[in-house]
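> Please read through the structure below; I'll follow up with questions.
The values are calculated or read from the model by the stated rules, or taken from the named source; none is laboratory data. On a predicted model such as this, the values are computed, not experimentally measured, just so you know. Cβ coordinates were reconstructed from backbone atoms using ideal geometry, including for glycine residues, and neighbour counts include every protein chain displayed.
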Amino acid sequence: MFGKSLQLAELLAVPTNTSSYSTSQVPSQEIAAAKIQAVETGRDLVQAAPTGFSAVVTQRGTVVEHSVLGARQVLTATVALRRGMTPYDHWGDLPVVLLAVLAVAAGWLRQWRHS
């Protein structure tokens, strides 16, 4: 991944359809997942749903506009197009995996010294 020229999206567009859910629980979870994805990628995100929640989420995870569940609605918001890579784009899960390995090794070392 390092040294490669990656073409990253400037804006995330997420189509979704939660027509089989009559409550807001699952559509709300989709908004939560969209917030995480926006922060993770450092991109604004637009979620379009014919029956669930449509939303506009900033790259910091803030929902700036969202629709009402089950209502036809047009959302209007200004989004930023971004370029570049986030630390997650560069490193992925590697830092978390390394910390987990270090924690396990430290636990084994501590157990071995106290045995």
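> Show me the strands (runs of 3 or more DSSP E) entirely contained within region 20-115 in which 1 or more residues are more than 22 Å from Leu8 (Cα to Cα).
Details: elements: 45-48, 55-57, 63-66.
Hits in region 20-115: 63-66.
> For region 68-115, give me each residue that is basic (Lys, Arg) and over 17 Å from the mean Cα position of the chain (by Cα).
Step one: filter region 68-115 for residues basic (Lys, Arg), giving 72, 82-83, 110, 113.
Of everything in region 68-115, those that are basic (Lys, Arg) and over 17 Å from the mean Cα position of the chain (by Cα) turn out to be Arg72, Arg110, Arg113.
> Considering only residues that are polar (S, T, N, Q) and under 16 Å from Lys35 (Cβ atoms), which ones fall in region 56-109?
Going through region 56-109, the residues polar (S, T, N, Q) turn out to be 58-59, 62, 67, 73, 76, 78, 86.
Those that are polar (S, T, N, Q) and under 16 Å from Lys35 (Cβ atoms): Thr58, Gln59, Thr62, Ser67, Thr86.
> Mind checking whether some residue in region 105-114 is touching a strand residue (DSSP E or B) at 6+ places or on another chain (Cβ under 9 Å) and surrounded by 10 or more Cβ atoms within 10 Å (Cβ to Cβ)?
First pass over region 105-114, keeping only residues touching a strand residue (DSSP E or B) at 6+ places or on another chain (Cβ under 9 Å): none.
No, region 105-114 contains no residue that is touching a strand residue (DSSP E or B) at 6+ places or on another chain (Cβ under 9 Å) and surrounded by 10 or more Cβ atoms within 10 Å (Cβ to Cβ).
> Here's something else I'd like to know. So Val74 passes all but one of these: (1) surrounded by 10 or more Cβ atoms within 10 Å (Cβ to Cβ); (2) in the same structural domain as Thr58 (by TED's automatic domain parsing); (3) hydrophobic (A, V, I, L, M, F, W, C). Which condition number does it fail?
(1)
> Tell me, please, whether a residue that is under 28 Å from Thr18 (Cβ atoms), among the aliphatic types (A, V, I, L, M) and touching a residue at least 40 places away in the same chain (Cβ under 8 Å) can be found in region 85-103.
Scanning region 85-103, I find no residue that is under 28 Å from Thr18 (Cβ atoms), among the aliphatic types (A, V, I, L, M) and touching a residue at least 40 places away in the same chain (Cβ under 8 Å), so the answer is no.
> For region 47-65, enumerate the residues that are within 13 Å of Ile31 (Cα to Cα), crowded, with 19+ Cβ neighbours inside 10 Å and not aliphatic (A, V, I, L, M). Break it down into steps so the answer makes sense when it comes.
Restricting attention to region 47-65, the residues satisfying the condition of being within 13 Å of Ile31 (Cα to Cα) are 47-49, 52-58, 61-65.
Imposing the further condition that a residue be crowded, with 19+ Cβ neighbours inside 10 Å reduces the set to 47, 49, 52-57.
Within region 47-65, Gln47, Gly52, Phe53, Ser54 qualify.
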